[in-house]
1. Might you let me know whether the range 157-169 holds any residue that is surrounded by fewer than 19 Cβ atoms within 10 Å (Cβ to Cβ), in contact with a Pro (Cβ under 8 Å, 6 or more places away or on another chain) and assigned by TED's automatic domain parsing to the domain that holds Ala231?
2. Here is a check on your reading of the model: is Arg108 in contact with a helix residue (DSSP H, G or I) (Cβ under 6 Å, 6 or more places away or on another chain) and without any contact (Cβ under 8 Å) to a residue 60 or more places away in the chain?
3. What is the number of the single condition among (1) part of a loop (DSSP other than H, G, I, E, B); (2) charged (D, E, K, R); (3) more than 20 Å from the chain's Cα centre (by Cα) that Arg234 does not meet?
4. Got at least one residue in the range 82-94 being buried (at least 21 other Cβ atoms within 10 Å of the Cβ), outside the structural domain of Val7 (by TED's automatic domain parsing), touching a strand residue (DSSP E or B) at 6+ places or on another chain (Cβ under 7 Å) and under 26 Å from Asp188 (Cα atoms)?
5. Going by the structure shown, is Pro206 free of Cβ contacts under 8 Å to residues at least 24 places away in the same chain and surrounded by fewer than 19 Cβ atoms within 10 Å (Cβ to Cβ)?
6. Report whether or not Thr172 is among the polar types (S, T, N, Q), touching a residue at least 24 places away in the same chain (Cβ under 8 Å) and surrounded by fewer than 19 Cβ atoms within 10 Å (Cβ to Cβ).
7. Which residue out of Leu82, Leu35, Leu74, Leu93 is assigned to a helix (DSSP H, G or I), among the hydrophobic types (A, V, I, L, M, F, W, C) and within 17 Å of Thr11 (Cβ to Cβ)?
Amino acid sequence: MRVVSLVPSLTEAIAVTAPGLLVGATDWCTHPAGLDVVRIGGTKNPDLDAVMGLRPDLVVANEEENRARDLDLLRTAGLAVLVTEVRGLEQGLRELHRVLVDGCGAARPRWLDEAERAWAAVVPHELPDAVVPVWRRPWMVLGRDTFAGDLLARLGVRNVCAGHPDRYPRVTPDDARSRGAGLVVLPDEPYRFTADDGPESFPGLPAALVSGRSLTWYGPSLVTAPRVLGAALRAAIR
């Protein structure tokens, strides 16, 4: 079977579970390290001719990360396209099974069961209410109905913008403070927040710098995400 992945987390999930199936992936597919496949551009601007030229039996995509127009063009060209929708942990785990087992024909991987057990064992910590920026210039934060927001909620973080009508609203640091944020959670993707780029905009708030892969990817990183994220959150409020 020949598979092209347009989603970094699915690329890792497939490569770890069924080595040899992947023939193409995006430039943003950084895991696993050393993955040797044809690169077909970005998630938002894939080279569709290159995808078609690889003659895949299946293209895997995501309704949020990839453009519907591109996926429609691939379908029109006769390619099978499997599109995931992930708005929470349980849905993400189900979609991983659908991609790997139903879509790729692989055996259910052990790491997927380990991820389920790891998250089932999570005990929420007492943490301040938080704002979770994902971009700046302009500032954008996690709002309602997001995978990352669900992971943080399971760890004990109440997102002060979870009730916003938008999933990724534009909320300034001052707006976040007015909503009662006592913590700012800063992932290193999609925007690469660092100790020198982000915390200074939220003076007086402790800042948790967290792994974007642990927070936003649904794949093998889910096994260690509770420990990695939990440690970063607790360290920020000590």
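1. no
2. Details: in contact with a helix residue (DSSP H, G or I) (Cβ under 6 Å, 6 or more places away or on another chain): yes; without any contact (Cβ under 8 Å) to a residue 60 or more places away in the chain: yes.
So Arg108 passes the test.
3. (1)
4. No; the residues of the range 82-94 include none that is buried (at least 21 other Cβ atoms within 10 Å of the Cβ), outside the structural domain of Val7 (by TED's automatic domain parsing), touching a strand residue (DSSP E or B) at 6+ places or on another chain (Cβ under 7 Å) and under 26 Å from Asp188 (Cα atoms).
5. Working: free of Cβ contacts under 8 Å to residues at least 24 places away in the same chain: no; surrounded by fewer than 19 Cβ atoms within 10 Å (Cβ to Cβ): yes.
When the stated conditions are applied, Pro206 does not pass them.
6. On the way: among the polar types (S, T, N, Q): yes; touching a residue at least 24 places away in the same chain (Cβ under 8 Å): yes; surrounded by fewer than 19 Cβ atoms within 10 Å (Cβ to Cβ): yes.
Here the answer is yes, as Thr172 does meet what is asked.
7. Working: Leu82 fails: assigned to a helix (DSSP H, G or I); Leu35 fails: assigned to a helix (DSSP H, G or I); Leu93 fails: within 17 Å of Thr11 (Cβ to Cβ).
After applying the criteria, what remains is Leu74.
For every residue, the table says whether it meets (1) in contact with a Ser or Thr (Cβ under 9 Å, 6 or more places away or on another chain); (2) of a type in the set (A, V, I, L, M).
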{"residue": "Asp57", "(1), (2)": "no, no"}
{"residue": "Asn66", "(1), (2)": "yes, no"}
{"residue": "Leu71", "(1), (2)": "no, yes"}
{"residue": "Arg75", "(1), (2)": "no, no"}
{"residue": "Gly92", "(1), (2)": "yes, no"}
{"residue": "Arg108", "(1), (2)": "yes, no"}
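The values are calculated or read from the model by the stated rules, or taken from the named source; none is laboratory data. What you see is a predicted model; the values in this text were computed from it and never measured. Counting neighbours? That spans all protein chains shown, and the Cβs are built from the backbone with ideal geometry, glycine included.
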